[in-house]
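Notes to accompany the following structure.
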């Protein structure tokens, strides 16, 4: 078995600092703190190709399962929106692990989480690596851009956001839940064609067999449609001052076609944007070597002493 597909490759730790069991991988203790935040439909496994190289480069790599994902329990308060995830991860990194500053990276749902974190806790997020993620919209500065993905790509979003209970009921067996998730790695063309082998799809979908966690994962989508699904307002906004590396996998059929240009507007202090060829929504897996080398280069001044 390839190490990339070995669920036991890294030791999984847990914390209950926020009143539920949150699972995370923690490698390279003593390095520069680096928080890797997965999106949907992902778990911490999406970072399996990044953890070891980045720990070896001088990072203290922290890779959680968000509440209601993977090996983490659903939130005890019933919320699974961006601010809930942000408060969980701040408690993990700051309170549990004792870090005052952190480099963060994320795509998909992980993108709003790290954007919100950088503004909710001023000075805590030192730098961001952002790719293929939802962004705030600025009509004046983005009005001329291609900001809408194909309409047919949004059906899942509407269903999960407005009809979550019925969808969860339809996905009534572990096999049905895994097949549903598999479409996002294959036939929905979120990834570059051929980006995931059948064995890799199996590896990514295995944690999605659990019905309670799948239902909880829909909470982020529900929060975009309903105030009752929001624990509190998000702090995401344009003109985010955080120093940010912008990457974009252009094979993504679910995101804004002009994501790179839009992100450059949102983050005035940015490096890039850089287009990563032959990759899509799951850039950290599809183009792991590029992601790892770009992250190391972006933080070379922080980790340089580990290279000597």
Taking only the stretch 51-68 into account, find how many residues are in a helix (DSSP H, G or I) and farther than 23 Å from residue 124 by Cα.
3
Go over the candidates 141, 178, 159 one by one and state the one that is more than 28 Å from residue 203 (Cβ to Cβ) and not in a loop (DSSP other than H, G, I, E, B).
141
All but one of (1) outside any loop (DSSP other than H, G, I, E, B); (2) crowded, with 16+ Cβ neighbours inside 10 Å; (3) more than 18 Å from the chain's Cα centre (by Cα) hold for residue 293, so report the exception by its number.
(2)
Collect the residues in the stretch 187-233 that are surrounded by fewer than 16 Cβ atoms within 10 Å (Cβ to Cβ), touching a helix residue (DSSP H, G or I) at 6+ places or on another chain (Cβ under 7 Å) and over 23 Å from residue 85 (Cβ atoms), keeping them in residue-number order.
199
Those residues of the stretch 139-168 which are exposed (fewer than 11 other Cβ atoms within 10 Å of the Cβ), within 24 Å of residue 183 (Cβ to Cβ) and free of Cβ contacts under 8 Å to residues at least 60 places away in the same chain, in sequence order
151, 152, 155, 165, 166
Options 95, 4, 88: the member that is more than 19 Å from the chain's Cα centre (by Cα) and not in a loop (DSSP other than H, G, I, E, B)
95
I need a count of the residues in the stretch 15-24 that are part of a strand (DSSP E or B) and more than 20 Å from the chain's Cα centre (by Cα).
0
Considering residues that are without any contact (Cβ under 8 Å) to a residue 40 or more places away in the chain, in a helix (DSSP H, G or I) and within 18 Å of the chain's Cα centre (by Cα), the number found within the stretch 237-282 is 1
Being farther than 26 Å from residue 43 by Cβ, modelled with pLDDT of 95 or more, in contact with a strand residue (DSSP E or B) (Cβ under 8 Å, 6 or more places away or on another chain) and buried (at least 18 other Cβ atoms within 10 Å of the Cβ) narrows it down to one residue among 269, 260; which is it?
260
Within the stretch 112-129, track down each residue that is part of a helix (DSSP H, G or I), surrounded by fewer than 24 Cβ atoms within 10 Å (Cβ to Cβ) and in contact with a strand residue (DSSP E or B) (Cβ under 8 Å, 6 or more places away or on another chain).
none
Residue count, the stretch 11-51, condition surrounded by fewer than 18 Cβ atoms within 10 Å (Cβ to Cβ) and over 23 Å from residue 181 (Cβ atoms), comes to 8
Hey, does the stretch 220-229 have a residue that's part of a helix (DSSP H, G or I), over 24 Å from residue 150 (Cβ atoms) and touching a residue at least 40 places away in the same chain (Cβ under 8 Å)?
yes
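Quick grid of which residues meet (1) more than 18 Å from residue 121 (Cβ to Cβ); (2) under 14 Å from the mean Cα position of the chain (by Cα); (3) in contact (Cβ under 8 Å) with a residue 12 or more places away in the chain; (4) in a strand (DSSP E or B):
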residue	(1), (2), (3), (4)
13	yes, no, yes, yes
26	yes, no, yes, yes
36	no, yes, yes, yes
41	yes, yes, yes, no
49	yes, no, yes, no
70	yes, yes, yes, no
73	yes, no, yes, no
79	yes, no, yes, no
84	no, no, yes, no
In the set 255, 247, which member is at pLDDT below 95, crowded, with 22+ Cβ neighbours inside 10 Å and in contact with a helix residue (DSSP H, G or I) (Cβ under 9 Å, 6 or more places away or on another chain)?
255
Would you mind stating whether residue 152 is at pLDDT below 95, over 30 Å from residue 295 (Cα atoms) and not in a loop (DSSP other than H, G, I, E, B)?
yes
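The values are calculated or read from the model by the stated rules, or taken from the named source; none is laboratory data. Everything quoted here is computed from the prediction, not taken from an experiment. In this analysis, Cβ positions are derived from the backbone assuming ideal geometry, glycine residues included, and neighbour counts consider all displayed protein chains.
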